[in-house]
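Encoded as structure tokens, the structure appears first; notes follow it.
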Amino acid sequence: MNPVLKSWVDEIAALTAPASVYWCDGSDAEDQRIKAALVADGTFTPLNAEKFPGGFWSRSHPSDVARTEQCTFICSEHAEDTGPNNNWMDPVEARQHLQKLFSGCMKGRTMYVIPYCMGPLGSPLSKIGIEITDSAYVVANMRIMSRMGKAALDQLGNSNDFCRGVHSLGQLEPASRIIAHFPETREIWSFGSGYGGNALLGKKCFALRIASVQGRDEMWMAEHMLILGLESPAGETIYVAAAFPSACGKTNLAMLEPPAAFKGWKAWCVGDDICWMRPGPDGRLWAINPEAGFFGVAPGTSNKTNTNAMAMVHKNSIFTNTAMTDEKTPWWEGMDGAPPAHAIDWQGKDWTPESGTKGAHPNSRFTVPAGNCKMLSPKFNDPMGVPISAIIFGGRRAKTAPLVFQSFDWQHGTFVGAAMASETTAAAAGAVGVVRRDPMAMLPFCGYDFGSYFAHWLKVGKAVKNPPAVFHVNWFRTDADGKFLWPGFGDNMRVLDWVLERVAGRGESEKTAIGWVPKASSLKLEGSGVEPAAMKELLHIDRSLWKQETADIENFFGKFGDRMPKEMHTELASLRLRLG
Ligand code: GTP
Ligand code: SPV
Ligand code: MN
């Protein structure tokens with residue numbers, strides 16, 4: 001037994017005083033025992049064994065349904081290192097507060113020790129974490145979302161290099177909820193929430209907030225990006241990574257089904273949420289998906305929008321906060337076919353289509369093993385990852401941002417990412433539909449100040465001979481009636497096709513003030529049903545809106561003071577000049 005690990009676990013057990021301590025080995029037998037216990041205590045309801053074998057339905061506390069950014073803290077030694085993009089708490093004060101909060105908090109409960117590996121086992125890019133938790137629901141989910149158990153412990157060996165995570169449900173009291181990160185010591189303490197990114201500590205807490213700091217220190221990047229391979233009919237596969245804010249389409253794009261017009265093309269999913277990238281010896285950026293499963297938004301998922309996701313959820317999956325029909329199948333708004341005449345809603349109440357409420361919570365999710373996805377990339381477990389040819393930023397913008405544009409170079413691309421904005425969604429507690437600046441879709445996830453983060457992007461770009469081409473997309477532009485102008489989902493392949501053409505040095509385009517924009521004629525639109533007038537609107541750049549945009553960007557950039565690289569101000573000034 002790793003002596004450093006053992007003494008840390010002993011220390012946490014002494015603090016939290018559980019009835020027993022259990023080390024997870026990740027075996028099938030253990031998984032079955034944990035799930036049986038969750039069924040016995042009412043947390044899990046087994047789903048229809050024919051239609052959803054190995055599937056379970058569960059509901060979280062109604063006040064605990066999404067990430068809570070206001071209770072999320074970065075406790076760097078110096079507040080400047082946390083930056084205005086995060087909530088800072090003095091680490092000394094934070095530790096005093098946490099010691100009190102966690103003191104005796106696991107009384108009468110089992111304390112689970114979860115060793116897990118983020119990234120393919122044996123990969124030099126992978127990292128080990130240990131999550132201590134008093135939630136069996138977390139154990140069942142972490143087993144899907146990470147390579148968990150003995151294999152991770154073996155990989156750690158006697159090393160001291162692991163991310164320490166301590167999680168307790170507490171009384172699920174929103175007032176005492178806190179998710180605190182200590183970037184210098186690679187530690188996470190989470191109290192009072194059992195949901196998603198607040199509780200599955202390998203995901204946002206480690207793989208983004210802590211890992212972004214490690215990436216800065218070790219010359220790699222931890223990003224909120226999907227990774228997708230596109231194989232041409234000639235058999236060549238090009239990989240792209242795309243950063244969209246929470247609930248803005250990563251899972252959908254990662255599982256894209258090319259439309260009929262793209263006969264012979266294949267899409268391969270490497271990841272749908274997190275991407276770790278580092279410069280490779282060949283002067284390109286190489287990426288792995290640190291996760292082992294998908295924690296995807298359920299509402300809106302259907303055979304029309306995401307056939308691959310619909311197929312993969314049918315076995316060994318956990319559904320949290322969806323509705324459940326009388327035949328014990330999960331149901332959510334936007335699913336194919338008519339809604340069920342009766343269901344149990346996400347709050348455990350009887351529900352009918354006439355109820356006038358949502359059956360599923362808008363942030364209800366499925367937890368699915370990656371191996372269930374039939375278009376999972378053969379490179380998914382490759383220890384070296386995949387080379388990235390293009391990075392795509394995107395957000396929800398009713399106006400302003402065109403369907404797609406390409407940046408002029410890496411520095412301009414970094415500016416495009418830094419200047420991103422998007423309407424808020426149900427993935428985080430708070431108002432929905434409010435435009436906020438969300439650089440690289442990392443506003444809730446960057447573990448250090450954005451000024452230094454943008455500088456890191458510039459530094460990585462200089463370190464690689466062939467950095468990816470950088471694009472920006474917007475699937476969410478609307479017409480005067482508020483209807484989406486672009487069909488989206490599988491049809492997004494039409495935009496990716498132009499991206500690949502540009503990467504290959506082709507793809508007709510026009511130079512505009514904001515970047516290279518395709519000519520409508522250079523997008524393959526046959527079968528899309530998009531009218532020429534809509535296409536014109538989708539590619540239109542409204543100078544007055546963009547001038548307002550530059551004012552907002554300036555205001556935002558101003559928050560980061562001296563840490564903001566001067567190149568970002570230069571890029572903003574150049575954009576203004578080009579806008580006239
Ligand atoms: P996180 O898991 O929260 O990080 O989110 P994600 O980026 O993976 O989001 P996801 O793909 O699950 O997107 C969820 C929402 O975006 C759903 O409401 C979808 O219907 C909507 N969506 C995804 N792709 C498109 C698209 O191409 N067009 C439109 N109009 N909506 C889309
Ligand atoms: C997100 O909110 O971006 C998610 C879900 O991917 S959670 O893991 O809850 O953060
Ligand atoms: Mn996410």
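The values are calculated or read from the model by the stated rules, or taken from the named source; none is laboratory data. From a predicted model like this one, the values you see are computed outputs, not experimental measurements. A quick note on method: Cβ atoms are made from the backbone with ideal geometry, for glycine too, and the neighbour counts reach across all protein chains shown. Side chains are part of the model used for accessible areas, which takes the heavy atoms of the whole protein and leaves out ligands, DNA and RNA. Shrake-Rupley method; radii C 1.70, N 1.55, O 1.52, S 1.80 Å.
Observations
- Residue list for region 256-301, restricted to those being open to solvent by 30 Å² or more (accessible area, probe 1.4 Å), hydrophobic (A, V, I, L, M, F, W, C) and within 14 Å of ligand 2 (Cβ to nearest atom): 297
- Only residues that are open to solvent by 10 Å² or more (accessible area, probe 1.4 Å), out of contact with any helix residue (DSSP H, G or I) (no Cβ under 8 Å at 6 or more places or on another chain) and in contact (Cβ under 8 Å) with a residue 40 or more places away in the chain were counted in region 315-349, giving 7.
- Every residue from region 553-580 that is assigned to a helix (DSSP H, G or I), in contact (Cβ under 8 Å) with a residue 40 or more places away in the chain and open to solvent by 70 Å² or more (accessible area, probe 1.4 Å): 562, 563, 578
- Residue within region 492-501 that is farther than 17 Å from residue 259 by Cβ, open to solvent by less than 60 Å² (accessible area, probe 1.4 Å) and part of a helix (DSSP H, G or I) present: no
- From 368, 386, residue being buried (at least 22 other Cβ atoms within 10 Å of the Cβ), of a type in the set (A, V, I, L, M), over 28 Å from residue 428 (Cα atoms) and in contact (Cβ under 8 Å) with a residue 12 or more places away in the chain: 386
- Among the numbered conditions (1) under 20 Å from residue 239 (Cα atoms); (2) in the same structural domain as residue 518 (by TED's automatic domain parsing), the only one that residue 373 does not meet is (2).
- Restricting attention to region 166-196, the residues being outside any loop (DSSP other than H, G, I, E, B) and open to solvent by 10 Å² or more (accessible area, probe 1.4 Å) number 6.
- Boolean, residue 455 is outside the structural domain of residue 73 (by TED's automatic domain parsing), open to solvent by 30 Å² or more (accessible area, probe 1.4 Å) and outside any helix (DSSP H, G or I): no
- Output for region 389-418, where each listed residue is hydroxyl-bearing (Ser, Thr, Tyr) and open to solvent by less than 10 Å² (accessible area, probe 1.4 Å): 407, 414
- Qualifying residues in region 502-518 (those that are without any contact (Cβ under 8 Å) to a residue 12 or more places away in the chain and within 27 Å of residue 550 (Cβ to Cβ)) - the one least open to solvent (accessible area, probe 1.4 Å): 510
- Qualifying residue in region 427-443 (condition: outside any loop (DSSP other than H, G, I, E, B), away from ligand 1 (no atom under 16 Å from the Cβ), open to solvent by less than 30 Å² (accessible area, probe 1.4 Å) and closer than 27 Å to residue 255 by Cβ): no
- Meets criteria (under 19 Å from residue 379 (Cα atoms) and open to solvent by less than 20 Å² (accessible area, probe 1.4 Å)) for residue 200: no
- Screening residue 304 with (1) open to solvent by 10 Å² or more (accessible area, probe 1.4 Å); (2) near ligand 1 (Cβ under 9 Å from one of its atoms); (3) in a loop (DSSP other than H, G, I, E, B) gives one miss only, at (2).
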